[in-house]
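See below for the structure under consideration.
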Amino acid sequence: MKEEETLGGIGFIGAGKVGFALGKYLSDHGERLTGYYSRTYESANQAATFTNSLSFKSLSDLVESSDTLFITVPDREISGVWDCMKEAADLKGKTVIHTSGACDIALFSGIKDTGAYGFSLHPLCAVSDRCHSHETLSTAIFTIEKDDSLDSVYISKANAIKKAFSNAESEVIELRSEDKTLYHAAAVVASNMMVGLSYMSEQMLKRVGFTDDAAKKALIPLLRGTVDNICRQGSVKALTGPVERNDSMTVSKHLTKLNEQESDVYKDLTRKLIEIGKLRHPEDDYSGMEELL
């Protein structure tokens with residue numbers, strides 16, 4: 001029987017938040033880490049200590065010592081790191097993975113000539129710090145992007161990646177390369193844009209007399225309650241407020257108090273909420289509210 005492909009020894013190029021978190025997560029779930037190489041040896045040494053692995057002073061030594069290589073650097077640096085890897089050591093048979101949610105595997109230019117196999121793997125969660133984010137990864141869905149190669153070795157390596165994360169009780173969803181940008185935009189809408197909406201709400205509360213601290217404190221139970229409802233029931237059933245009630249009068253009054261920028265955001269999102277309202281209450285006529293917008 002053919003031996004099942006595994007990740008083997010795992011090396012990390014980049015010792016920032018993602019490198020720390022992903023290395024600790026895999027190590028805690030039984031994967032073998034070779035260690036870290038980073039722009040500064042101090043950073044590599046800190047990550048190695050945190051994950052009980054080794055720190056490397058040269059990129060070539062890390063590459064030669066590892067079967068699987070995670071590139072955990074900012075998106076703008078991935079191509080440069082890849083170019084350095086091609087010059088540093090023989091990559092034949094290596095599995096190379098970058099962790100960008102926005103960029104696809106086309107960043108690995110000329111990879112077939114090196115004999116390496118390229119993938120991208122991205123955790124759909126916010127990795128906010130080096131020492132605790134590995135705990136968040138246990139609840140995250142990961143997405144893996146791979147090409148449509150029918151090469152049996154490539155398929156075997158893809159399965160090894162999925163198996164490693166499955167062993168860690170993570171769900172891995174496959175993405176086509178052409179879908180990466182839309183996927184990442186969806187993540188930005190759910191995470192970063194929510195921050196923008198929270199900030200906009202804080203500014204509106206300050207205009208009616210709230211201090212900075214009071215505005216933030218006032219929104220916490222509202223934000224948490226909304227997120228909890230979405231998690232428990234899904235987006236459609238979590239909808240409340242004037243759109244869910246088909247209350248055009250209240251929406252109209254809101255619009256009279258918003259500045260131009262706020263009004264544009266409010267209108268755009270209200271149109272999306274009307275879509276949800278129609279799903280919740282297909283018997284209701286939202287034409288009046290749509291005309292108002």
### Query
Quick one: ILE220 ticks every box in (1) in a helix (DSSP H, G or I); (2) farther than 19 Å from VAL189 by Cβ; (3) over 25 Å from the mean Cα position of the chain (by Cα) bar one, so which box is it?
(3)
### Task
List the number of the failed condition for ALA238; all other conditions in (1) small (Gly, Ala, Ser); (2) surrounded by 11 or more Cβ atoms within 10 Å (Cβ to Cβ); (3) without any contact (Cβ under 8 Å) to a residue 24 or more places away in the chain; (4) more than 20 Å from ALA190 (Cβ to Cβ) hold.
(4)
### Query
Given the residues LEU137, LEU121, which is the only one that is touching a residue at least 40 places away in the same chain (Cβ under 8 Å), under 29 Å from LEU222 (Cα atoms), touching a strand residue (DSSP E or B) at 6+ places or on another chain (Cβ under 6 Å) and not charged (D, E, K, R)?
LEU137
### Message
When you check GLU169 against the structure, is it closer than 29 Å to SER27 by Cβ, acidic (Asp, Glu) and open to solvent by 30 Å² or more (accessible area, probe 1.4 Å), yes or no?
### Response
yes
### Query
With (1) touching a residue at least 60 places away in the same chain (Cβ under 8 Å); (2) crowded, with 19+ Cβ neighbours inside 10 Å; (3) in contact with a helix residue (DSSP H, G or I) (Cβ under 7 Å, 6 or more places away or on another chain); (4) not hydroxyl-bearing (Ser, Thr, Tyr) as the list, and GLY14 as the residue in question, which single condition is left unmet?
(3)
### Query
If a residue has to be touching a His at 6+ places or on another chain (Cβ under 8 Å) and in contact (Cβ under 8 Å) with a residue 40 or more places away in the chain to count, how many in segment 74-118 make the cut?
4
### Query
If we scan segment 228-246, do we find a residue that is closer than 22 Å to ALA126 by Cα, among the hydroxyl-bearing types (Ser, Thr, Tyr) and assigned to a helix (DSSP H, G or I)?
yes
### Task
Just need a number here: residues in segment 116-173 that are over 16 Å from the mean Cα position of the chain (by Cα) and either in a helix (DSSP H, G or I) or on the phi > 0 side of the Ramachandran plot (or both).
16
### Query
Is it the case that some residue within segment 181-199 is touching an Asp or Glu at 6+ places or on another chain (Cβ under 7 Å), surrounded by 14 or more Cβ atoms within 10 Å (Cβ to Cβ), not in a loop (DSSP other than H, G, I, E, B) and not aliphatic (A, V, I, L, M)?
no
### Task
Determine, yes or no, whether LYS257 is surrounded by 14 or more Cβ atoms within 10 Å (Cβ to Cβ), closer than 17 Å to LEU197 by Cα and of a type in the set (D, E, K, R).
no
### Message
Just checking, does segment 36-54 include any residue being modelled with pLDDT of 95 or more, surrounded by fewer than 19 Cβ atoms within 10 Å (Cβ to Cβ) and within 22 Å of ASP147 (Cα to Cα)?
### Response
no
## Note on the structure
Filtering segment 258-292 down to residues that are among the hydrophobic types (A, V, I, L, M, F, W, C) and either more than 28 Å from GLN233 (Cα to Cα) or out of contact with any Phe, Trp or Tyr (no Cβ under 6 Å at 6 or more places or on another chain) (or both) yields LEU258, VAL265, LEU269, LEU273, ILE276, LEU279, MET289, LEU292
### Query
Which of the residues spanning segment 76-109 are in a loop (DSSP other than H, G, I, E, B), surrounded by fewer than 16 Cβ atoms within 10 Å (Cβ to Cβ), small (Gly, Ala, Ser) and over 17 Å from the mean Cα position of the chain (by Cα)?
GLY93, SER109
### Query
Of the residues SER248, SER263, which single one is modelled with pLDDT of 95 or more, more than 16 Å from TYR199 (Cα to Cα), among the small types (Gly, Ala, Ser) and surrounded by 13 or more Cβ atoms within 10 Å (Cβ to Cβ)?
SER248
### Query
What are the residues in segment 242-263 that are in contact with a helix residue (DSSP H, G or I) (Cβ under 8 Å, 6 or more places away or on another chain) and not acidic (Asp, Glu), if any?
PRO242, VAL243, ASN246, SER248, VAL251, SER252, HIS254, LEU255, LEU258, SER263
### Query
Is there any pair with a first residue in segment 147-159 that is touching a residue at least 24 places away in the same chain (Cβ under 8 Å) and a second that is in a helix (DSSP H, G or I) whose Cβ atoms are under 8 Å apart and which are 6 or more apart or on different chains, and what are they?
ASP147/ILE105; ASP147/TYR154; ASP147/SER177
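The values are calculated or read from the model by the stated rules, or taken from the named source; none is laboratory data. The model shown is predicted, which means the values in this text are computed figures rather than measured ones. All Cβ positions, even for glycine, are placed from backbone atoms using ideal geometry, and neighbour counts span all protein chains on display. Heads up: the accessible areas ignore ligands, DNA and RNA and are worked out on the full protein's heavy atoms, side chains in. Shrake-Rupley method; radii C 1.70, N 1.55, O 1.52, S 1.80 Å.
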